[in-house]
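Student: Would you mind keeping the following structure in view while I ask a few things?
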Amino acid sequence: MHVENFKIFADLVESQSFSKSARLNGITQSAVSQQLRAMERKFNILIIDRSQKQFRLTREGQRLYDAAKEILHEYEKLQSELQEMKKVISGTIRLATIYSIGLHELPPFIKRFLQHFPSVNVRVEYRRSNLVYDDIVHNAVDLGLVAFPAKLRQIEIIPFREDELVLICPPDHPLAKNKSVSTAAIANHKFIGFDPDIPTRKAIDAIFRDKKLELDPVMEFDNIETVKRAVEIDAGVAIVPKTTVLQEVKQGTLVAVNLSGGRYTRPLAIIHRKGRSLTPALRKFIHTLTTNETVLP
């Protein structure tokens, strides 16, 4: 029985999906089924209660899963310790990030990190916020980058940085000439928002609720780039993180106006699965993100 067998089995239990376990491990769904049957023959037990419509482990299957997690944890720990003993900083870092962080916050950090650790391969996937959490919980990625991090039992949160929220509008918009603008003034104009389930949208809704104002977007999008394009054609105004519009403001296609009545920010965080062993490469990458510097090899 190889470590990879336990990894496939653990992914199957946590995702409760043969297809997802297959995708996570780069094999076919049929191969996952074959691995499961092989484990049942090896230990002479039934692992999954096939009399149930939903995915459910037998008592023996649950014990096997618990043991598999212990084995995988010790294996990860051993790999990390061996790398440290050899003073080797290499391997692959798998990141899942929301679009705004991945496109506007992350690139300079990755560039600086890879200049010092060229043997590390950094793979970045752009995902909706809820899918980033799913990827972390199911060990599909090593680290996640999210806004307004949610406190979950299985997730470790490391503060990254904070973005200031600003209003954006076209240069010829009536609000463009203001140094700052109130939420009441914004409510009088067509507004473009993020989809309701996106954390930044929820935070913006809360700002208006606190002022006892209603916000009814004329358009809703799931990513920052589409929001910006809609504002550029004067379909409405929007509230976005300031760092995401630096290029457009510099080019003169958008104007960023500060919000009055307080400093409204969007906290960003690094997340990883609680209890997992961090390789030397992961620890140095986290250090680069959180201290704005790179630890040399």
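The values are calculated or read from the model by the stated rules, or taken from the named source; none is laboratory data. Please read all numbers here as calculations on a predicted model, not as lab measurements. Reconstructed Cβ throughout: ideal geometry from the backbone, glycine too, with neighbour counts over all protein chains shown.
Student: Could you list, in sequence order, all residues of segment 98-131 that are part of a loop (DSSP other than H, G, I, E, B) and either small (Gly, Ala, Ser) or under 21 Å from Leu246 (Cβ atoms) (or both)?
Tutor: Within segment 98-131, the first condition is being part of a loop (DSSP other than H, G, I, E, B), and the residues that meet it are 98, 105-106, 117-119, 127-128.
Hits for segment 98-131 are Ile98, Glu105, Leu106, Ser119.
Student: Pick out the one residue from Pro118, Pro108 that is closer than 18 Å to Thr290 by Cβ and either outside the structural domain of Val181 (by TED's automatic domain parsing) or of a type outside the set (D, E, K, R) (or both).
Tutor: Details: Pro118 fails: closer than 18 Å to Thr290 by Cβ.
Unique residue meeting the criteria: Pro108.
Student: Could you list, in sequence order, all residues of segment 134-149 that are among the β-branched types (Val, Ile, Thr) and in a loop (DSSP other than H, G, I, E, B)?
Tutor: Start the filter on segment 134-149 by keeping residues that are among the β-branched types (Val, Ile, Thr), which leaves 136-137, 141, 146.
Scanning segment 134-149 gives a single hit, Val141.
Student: Given the criterion modelled with pLDDT of 90 or more, in the same structural domain as Thr226 (by TED's automatic domain parsing), buried (at least 16 other Cβ atoms within 10 Å of the Cβ) and in a strand (DSSP E or B), identify the matching residue among Leu95, Leu175, Leu167.
Tutor: Values: Leu95 fails: in the same structural domain as Thr226 (by TED's automatic domain parsing); Leu175 fails: in a strand (DSSP E or B).
The unique qualifying residue is Leu167.
Student: Please name all residue pairs, on different chains or six or more residues apart, with Cβ atoms under 8 Å, provided the first residue is in segment 55-83 and is under 16 Å from Asn139 (Cα atoms) and not assigned by TED's automatic domain parsing to the domain that holds Arg273 and the second residue is among the small types (Gly, Ala, Ser) and assigned to a helix (DSSP H, G or I).
Tutor: Cβ pairs passing all conditions: Tyr65/Ala10; Ala68/Ala10; Lys69/Ala10; Leu72/Ala10.
Student: If you scan segment 49-65, which residues turn out to be surrounded by 13 or more Cβ atoms within 10 Å (Cβ to Cβ) and in a helix (DSSP H, G or I)?
Tutor: Narrowing segment 49-65 to residues surrounded by 13 or more Cβ atoms within 10 Å (Cβ to Cβ): 49, 55-58, 60-65.
The answer is Glu60, Gly61, Gln62, Arg63, Leu64, Tyr65.
Student: Considering only residues of segment 1-49 that are touching an Asp or Glu at 6+ places or on another chain (Cβ under 8 Å) and in contact (Cβ under 8 Å) with a residue 40 or more places away in the chain, which is farthest from Tyr75 (Cα to Cα)?
Tutor: Here is the first cut: in segment 1-49, the ones touching an Asp or Glu at 6+ places or on another chain (Cβ under 8 Å) are 20-21, 24-25, 43, 45-47.
Still in the running and in contact (Cβ under 8 Å) with a residue 40 or more places away in the chain: 20, 24.
On the way: Lys20: 22, Leu24: 18 Å.
Selected residue: Lys20.
Student: Could you run through segment 195-224 and say how many residues are under 17 Å from the mean Cα position of the chain (by Cα) and not basic (Lys, Arg)?
Tutor: 8
Student: Can I ask one more? Between Glu248, Glu225, which is of a type outside the set (Lys, Arg), at pLDDT 95 or above and closer than 30 Å to Thr291 by Cβ? Spell out how you get there, then give the answer.
Tutor: Values: Glu225 fails: at pLDDT 95 or above.
The match here is Glu248.
Student: If I go through segment 24-36 residue by residue, how many of them are within 18 Å of Arg273 (Cβ to Cβ) and at pLDDT 85 or above?
Tutor: Of all residues in segment 24-36, those within 18 Å of Arg273 (Cβ to Cβ) come to 24-25.
Okay, now just the ones that are also at pLDDT 85 or above, so 25.
Summing the residues that are within 18 Å of Arg273 (Cβ to Cβ) and at pLDDT 85 or above in segment 24-36 gives 1.
Student: Looking only at segment 24-45, decide whether some residue is outside the structural domain of Asp135 (by TED's automatic domain parsing), within 20 Å of Asp142 (Cα to Cα) and surrounded by fewer than 14 Cβ atoms within 10 Å (Cβ to Cβ). Lay out the reasoning, then the answer.
Tutor: So in segment 24-45, the residues outside the structural domain of Asp135 (by TED's automatic domain parsing) come out as 24-45.
Filter once more, keeping what is within 20 Å of Asp142 (Cα to Cα): 24-27.
Remaining after also requiring surrounded by fewer than 14 Cβ atoms within 10 Å (Cβ to Cβ): 26.
Yes, some residue in segment 24-45 is outside the structural domain of Asp135 (by TED's automatic domain parsing), within 20 Å of Asp142 (Cα to Cα) and surrounded by fewer than 14 Cβ atoms within 10 Å (Cβ to Cβ).
Student: Right, something else. Quick one: in segment 191-213, of everything that is out of contact with any helix residue (DSSP H, G or I) (no Cβ under 7 Å at 6 or more places or on another chain) and without any contact (Cβ under 8 Å) to a residue 40 or more places away in the chain, which residue is nearest to Ile101 (Cα to Cα)?
Tutor: Arg201
Student: Considering only segment 203-224, state which residues are exposed (fewer than 14 other Cβ atoms within 10 Å of the Cβ) and in a helix (DSSP H, G or I).
Tutor: Listed by number, the residues that qualify are Ala206, Arg209, Asp210.
Student: Here is a follow-up. Looking at this structure, is Arg283 assigned by TED's automatic domain parsing to the domain that holds Ala147, under 21 Å from Ile101 (Cα atoms), buried (at least 16 other Cβ atoms within 10 Å of the Cβ) and among the basic types (Lys, Arg)? Give the derivation first.
Tutor: Details: assigned by TED's automatic domain parsing to the domain that holds Ala147: yes; under 21 Å from Ile101 (Cα atoms): yes; buried (at least 16 other Cβ atoms within 10 Å of the Cβ): no; among the basic types (Lys, Arg): yes.
No; evaluated as a whole, the condition is false for this residue.
Student: Still on this structure, please answer the following. Could you tell me whether segment 139-160 includes any residue that is under 14 Å from the mean Cα position of the chain (by Cα), more than 24 Å from Pro280 (Cα to Cα) and among the aromatic types (Phe, Trp, Tyr)?
Tutor: The answer is yes, given that some residue of segment 139-160 is under 14 Å from the mean Cα position of the chain (by Cα), more than 24 Å from Pro280 (Cα to Cα) and among the aromatic types (Phe, Trp, Tyr).
Student: Select from segment 249-285 the residues that are in a strand (DSSP E or B) and among the hydrophobic types (A, V, I, L, M, F, W, C) and list them in ascending order.
Tutor: Going residue by residue through segment 249-285, those that are in a strand (DSSP E or B) are 255-259, 265-273.
Listed by number, the residues that qualify are Val255, Ala256, Val257, Leu259, Leu268, Ala269, Ile270, Ile271.
Student: When segment 66-90 is examined, which residues are found to be polar (S, T, N, Q) and outside any helix (DSSP H, G or I)?
Tutor: Here is the first cut: in segment 66-90, the residues polar (S, T, N, Q) are 79-80, 83, 90.
Once the filter is applied, which keeps residues that are polar (S, T, N, Q) and outside any helix (DSSP H, G or I), segment 66-90 yields only Ser90.
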